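Peer 1: Here it is: the structure, laid out below.
The values are calculated or read from the model by the stated rules, or taken from the named source; none is laboratory data. If you're wondering where the values come from, they're calculated on a predicted model, not measured in any experiment. Counting neighbours? That spans all protein chains shown, and the Cβs are built from the backbone with ideal geometry, glycine included.
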Amino acid sequence: MEGCVEIDALVAAAWRQLDSAGPRASLARGERAWHTYRDASCDALYKVYDGGTLAPVAFGTCAVARNRSHLTDLAALLKALKPQG
């Protein structure tokens, strides 16, 4: 699915910026929650078309849009994690 490789790369970069277990655990929790949100919200759209040929297209289009938005969020997180100076 579009964006997944890029998401994984940005999460890995953020992981490397976090130097202790607490922040890393928070990042992992946040990523799990985001995946749950993406899948559930896109599943709601899928169910509007349940049984029809547009159902998988609706889910895929939704997931790609959510992934793109998440990439923007992760880029902002990485920028915030970079040492200022």
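Peer 1: Inside region 3-27, can you point out the residues that are part of a helix (DSSP H, G or I) and among the polar types (S, T, N, Q)?
Peer 2: Q17, S26
Peer 1: Just to be sure I understand, how many residues within region 4-41 are farther than 17 Å from V64 by Cα, among the hydroxyl-bearing types (S, T, Y) and either modelled with pLDDT under 95 or touching a helix residue (DSSP H, G or I) at 6+ places or on another chain (Cβ under 8 Å) (or both)?
Peer 2: 1
Peer 1: Going by the structure shown, is A44 surrounded by fewer than 15 Cβ atoms within 10 Å (Cβ to Cβ), in contact (Cβ under 8 Å) with a residue 12 or more places away in the chain and hydrophobic (A, V, I, L, M, F, W, C)?
Peer 2: no
Peer 1: Sticking with this structure for a sec: Output the residues belonging to region 28-85 that are over 12 Å from the mean Cα position of the chain (by Cα), among the small types (G, A, S), under 23 Å from L10 (Cα atoms) and in a helix (DSSP H, G or I).
Peer 2: Those that are over 12 Å from the mean Cα position of the chain (by Cα), among the small types (G, A, S), under 23 Å from L10 (Cα atoms) and in a helix (DSSP H, G or I): A40, S41, G60, A76, A80.
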